[in-house]
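These notes concern the structure reproduced below.
The values are calculated or read from the model by the stated rules, or taken from the named source; none is laboratory data. Model, not experiment: these values are computed from the prediction. Cβ sites come from the backbone with ideal geometry, for glycine too, and all protein chains shown count toward neighbours. Accessible surface areas use protein heavy atoms only, side chains included; no ligands, DNA or RNA. Shrake-Rupley method; radii C 1.70, N 1.55, O 1.52, S 1.80 Å.
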Amino acid sequence: MHEDNKIILKVEEIYKRYRKEEVLRGISFEVRKGETKVIIGPSGSGKSTLLRCINQLTIPDKGQVWIEGEEVTHTKKSINQFRQKMGMVFQDFNLFDHINALGNVEIGLIRVKGMDKNRAREKAMEELKQVGLEKQAYLYPAQLSGGQKQRVSIARALAMDPSVMLFDEPTSALDPELIGEVLEVIKKLAINGMTMVVVTHEMGFARSVANEVIFIESGRIIDQGSPYVLFTNPEHERTKKFLHKITELYGKSVEEK
Amino acid sequence: MIDLYFIQDILLPPLLEGSLITIKLIILSIPSGLILGILIAVGRVYGNKFISSLCAIYTLFFRGTPLLVQLFIIYYALPSIGIFFSPFMAAVTGFILCSGAYHSEYIRGAIQSIKIGQMMAAEALGMSRIKAVLYIILPQALRRAIPGCSNEIIYLIKYSSLAFMVTCVELTGAGKIVATRFFKYTEVFLVVGIIYLLVVSVVTKFLNILEKKLRIPGLE
Amino acid sequence: MTENFLLVYQSLPYLLKGSIITLELIGGALALGLIMGIPMAIGQVYGNKYVANLISFYVWFFRGLPVLVLLFLFYFGLFLLLGFNLTALTAAILVLGFRSAAYQSQIFRGSIQSVDEGQMMAARSLGMTKFKAIWYIILPQALRISIPGWSNEYSIILKDSAVTYAIGLLEIITRGNFIATRTYQPLPIFLTCAAIFLILTYGGVKLLNILEKKVKIPGYGSYSNGGKEY
């Protein structure tokens, strides 16, 4: 898909334990520029924890993370600089409740990047346009629908011009009829060459957008491969079982375009 | 029975003077107490073990003991170890330290009621802890703390009367002096009471309007 | 340093006698506040407009005035005016009690109003009179809900009891001052007074917490949210 085959994100042997439970047991993978990696797996398999270990919101017990060749773990450099390169979109949106949509998108630019207020506002408006929400710019989070909130949160992350976008089950908290608008935005990003790691249950979306699908269960990578292979003829029995359950539960929730 | 001449010519002038002192006391103490409360609350929630414990002990002491005892310690006891306060400054110091503790509890509760996702999202954007607390957490927490902190502000206005107990002659003190001299306790303190009622009512109204203005649109 | 400890040790009996006065004062005031506060709360929630307004006015008056002013007004003024010759303790109990009634009525009002409407509806539909419904259904629940707020009221009255120094009541701080002025050692004495108040405050709150747990209705509201880890 893209000439430039640089490795943007590299994750090696991530281990994380919460009290007695080992949630991640040695996860490793790489993401090249323009690639979309989709991570699937049962609840509690550690997928969200994995994403948070990448941007160090959760500190892994063992393992290393590199972004664009620089090591993020075990570094003296402030993590904040690295986080600017990784955009994160949360399942619960986590929009800042006390500022309107435009404010949410521009605050990172003003307070973290130190951008001039007018430039920041312009850029923020531009990002909101990209997700189709310029008319809602002055509304507050409590006045937005779930789908709108998530799109604002995507705009907020994109405004920082990240090298990689991390999506933590972006549509799991949405009512079914709102899922489509968010998946559209994410698909557009993939088509335009954004490097992404997406944790999701939306199989139709995974099939149409992923370069590679990773199946994680009980903290380990069980299966890994192109969507075609993984969905039609997975290598491992557990993968088959999981996919079977999911298609039973969700059916075909999003039509592929 | 009600001696209007007395009230107008003998009582009101000293009361006015006293009110001025009360106003000075309040104007100095309220903002400072609030700021101290914010600092203590932030220290308690986000500080390391040492700072957090310090803030906890401070709050424990100043909320667990009467304001009057605190004032006595500041004005009468500290001189024995070389720290001297004027009556006015002793009162102000006591008010700031005491209300700071109460404010910190309201603000701490408010901070802890903010969803953890807010901090996560702020840090995910690359904000440092300090920036996240300053730009994301506090603006929301302070709004939630308004009812409690308003309550504390009203309390302070009333408890400013205790300044008289360390010989600072504010409104109540002025009244007592006149009342003792002319033996007209009921009249004097009814008037003093009415003044306090008026001030408290006005400030309460003002704080209610403030709360409405600061409300975040969409949130009830 | 040791003279200080000796002084404190010698003063303790005298100071602790003051604590007994303080406890009598608080007990009386809280009881008076309770006896007046519950009917006032019921009056505000279930009474007619005039009753409710009257009570609101009372509450506004007794909450709007500083304790010190109320003490001066009543002890030196109104009580004498009305012909009552009361001891400082009695006067203090009355004044703090009237004031506490104002605050407690609001605590109980809030609790009564937070009891689900459906409870009253169900009680009436069984044929209970309003009074019976309030007494047997609403109050038992409301009183339990009130315990935290009441615990707060306890600690406030405890601290207000110190203000009765101004009318010469021989409670803790008055006695402390007496000793301090005679021995010229205000710091250890007042710190001791502070310590006594601390113990009374947190001891009392702890006791009320235990009471709350003992009378808790099984299955009702646990407020812990587990504190999500990142």
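A:V112 meets all of the listed conditions (1) of a type in the set (V, I, T); (2) surrounded by fewer than 19 Cβ atoms within 10 Å (Cβ to Cβ); (3) under 18 Å from A:D161 (Cβ atoms) but one, namely (2).
Counting only helices (runs of 4 or more DSSP H) wholly contained in segment B:124-220, the ones carrying 3 or more residues that are buried (at least 20 other Cβ atoms within 10 Å of the Cβ) occupy B:138-159, B:171-182, B:185-213.
I'd like the full set of residues that are open to solvent by less than 30 Å² (accessible area, probe 1.4 Å) and among the hydroxyl-bearing types (S, T, Y), limited to segment A:168-191. Once the filter is applied, which keeps residues that are open to solvent by less than 30 Å² (accessible area, probe 1.4 Å) and among the hydroxyl-bearing types (S, T, Y), segment A:168-191 yields only A:T171. Would you mind stating whether C:S19 is of a type in the set (S, T, N, Q), touching an Asp or Glu at 6+ places or on another chain (Cβ under 7 Å) and under 22 Å from B:P66 (Cα atoms)? No: the conditions fail for C:S19.
Being polar (S, T, N, Q), modelled with pLDDT of 95 or more and part of a helix (DSSP H, G or I) is the requirement here; does B:S29 meet it? Walk me through how you get there before you give the answer.
Details: polar (S, T, N, Q): yes; modelled with pLDDT of 95 or more: yes; part of a helix (DSSP H, G or I): yes.
Criteria met by B:S29.
In segment B:105-121, the residues that are closer than 10 Å to B:A41 by Cα never reach a residue that is outside any helix (DSSP H, G or I) with C-beta atoms less than 8 angstrom apart, at least six apart or across chains.
Criterion applied to A:M203, A:M165, A:M160, A:M194 was being open to solvent by 20 Å² or more (accessible area, probe 1.4 Å) and out of contact with any Asp or Glu (no Cβ under 7 Å at 6 or more places or on another chain), and the one residue passing it is A:M194. Per the conditions (1) surrounded by 15 or more Cβ atoms within 10 Å (Cβ to Cβ); (2) farther than 25 Å from C:L198 by Cβ, the sole criterion not satisfied by C:T129 is (1).
Does any residue of segment C:37-54 turn out to be within 10 Å of chain B (Cβ to nearest Cβ) and out of contact with any Ser or Thr (no Cβ under 6 Å at 6 or more places or on another chain)? Checked segment C:37-54: no residue is within 10 Å of chain B (Cβ to nearest Cβ) and out of contact with any Ser or Thr (no Cβ under 6 Å at 6 or more places or on another chain). On inspection, C:A101 passes the criterion of being in contact with a Phe, Trp or Tyr (Cβ under 9 Å, 6 or more places away or on another chain), in a helix (DSSP H, G or I) and open to solvent by less than 50 Å² (accessible area, probe 1.4 Å). The criterion of being farther than 22 Å from A:G41 by Cβ and of a type outside the set (S, T, N, Q) does not hold for A:L183. Of the strands (runs of 3 or more DSSP E) lying entirely inside segment A:1-76, the ones with 1 or more residues being free of Cβ contacts under 8 Å to residues at least 40 places away in the same chain are found at A:7-18, A:21-32. Could you please give the count of residues in segment B:62-86 that are facing chain C (nearest Cβ under 8 Å) and buried (at least 23 other Cβ atoms within 10 Å of the Cβ)? Residues meeting the conditions: 7. Of all residues in segment C:190-219, those being open to solvent by less than 80 Å² (accessible area, probe 1.4 Å) and touching a Lys or Arg at 6+ places or on another chain (Cβ under 9 Å) number 6. Considering (1) at pLDDT 90 or above; (2) assigned to a helix (DSSP H, G or I); (3) crowded, with 17+ Cβ neighbours inside 10 Å, the lone condition that A:F242 does not fulfil carries the number (1). Is there a residue in segment B:73-92 that is touching a helix residue (DSSP H, G or I) at 6+ places or on another chain (Cβ under 6 Å), at pLDDT 95 or above and polar (S, T, N, Q)? There is no residue in segment B:73-92 that is touching a helix residue (DSSP H, G or I) at 6+ places or on another chain (Cβ under 6 Å), at pLDDT 95 or above and polar (S, T, N, Q). If the condition is being on the phi > 0 side of the Ramachandran plot and within 10 Å of chain B (Cβ to nearest Cβ), then segment A:86-118 contributes A:F93, A:N94.
State which residue is farthest from B:L162 (Cα to Cα) when the search covers only segment B:112-123 and only residues that are surrounded by fewer than 24 Cβ atoms within 10 Å (Cβ to Cβ) and more than 7 Å from every other protein chain (Cβ to nearest Cβ).
In the first step, residues of segment B:112-123 are kept if they are surrounded by fewer than 24 Cβ atoms within 10 Å (Cβ to Cβ); the result is B:112-120, B:123.
Narrowing further to those that are more than 7 Å from every other protein chain (Cβ to nearest Cβ): B:112-115, B:119.
Values: B:Q112: 33, B:S113: 34, B:I114: 36, B:K115: 40, B:M119: 41 Å.
Only one residue tops the list, namely B:M119.
Every listed requirement among (1) surrounded by fewer than 19 Cβ atoms within 10 Å (Cβ to Cβ); (2) on the phi > 0 side of the Ramachandran plot is met by A:G41 save one, (1).
Just to check your reading of the model, which residue among A:R83, A:R121 is more than 13 Å from chain B (Cβ to nearest Cβ) and open to solvent by 10 Å² or more (accessible area, probe 1.4 Å)?
On the way: A:R83 fails: more than 13 Å from chain B (Cβ to nearest Cβ).
Residue meeting the stated conditions: A:R121.
For C:Y14, the conditions (1) of a type in the set (S, T, Y); (2) open to solvent by less than 80 Å² (accessible area, probe 1.4 Å); (3) farther than 22 Å from C:S161 by Cβ all hold with the exception of (3). Evaluate segment A:95-105: report whether one residue or more is touching a strand residue (DSSP E or B) at 6+ places or on another chain (Cβ under 7 Å), open to solvent by less than 10 Å² (accessible area, probe 1.4 Å) and modelled with pLDDT of 90 or more. No - not one qualifying residue is present in segment A:95-105.
I need a count of the residues in segment A:124-148 that are within 11 Å of chain B (Cβ to nearest Cβ), in a helix (DSSP H, G or I) and open to solvent by less than 50 Å² (accessible area, probe 1.4 Å). Reasoning before the result, please.
Start the filter on segment A:124-148 by keeping residues that are within 11 Å of chain B (Cβ to nearest Cβ), which leaves A:138-144.
Right, trim to in a helix (DSSP H, G or I) and you get A:141-143.
Then keep just the ones that are open to solvent by less than 50 Å² (accessible area, probe 1.4 Å); that gives A:141-142.
Number of matching residues: 2.
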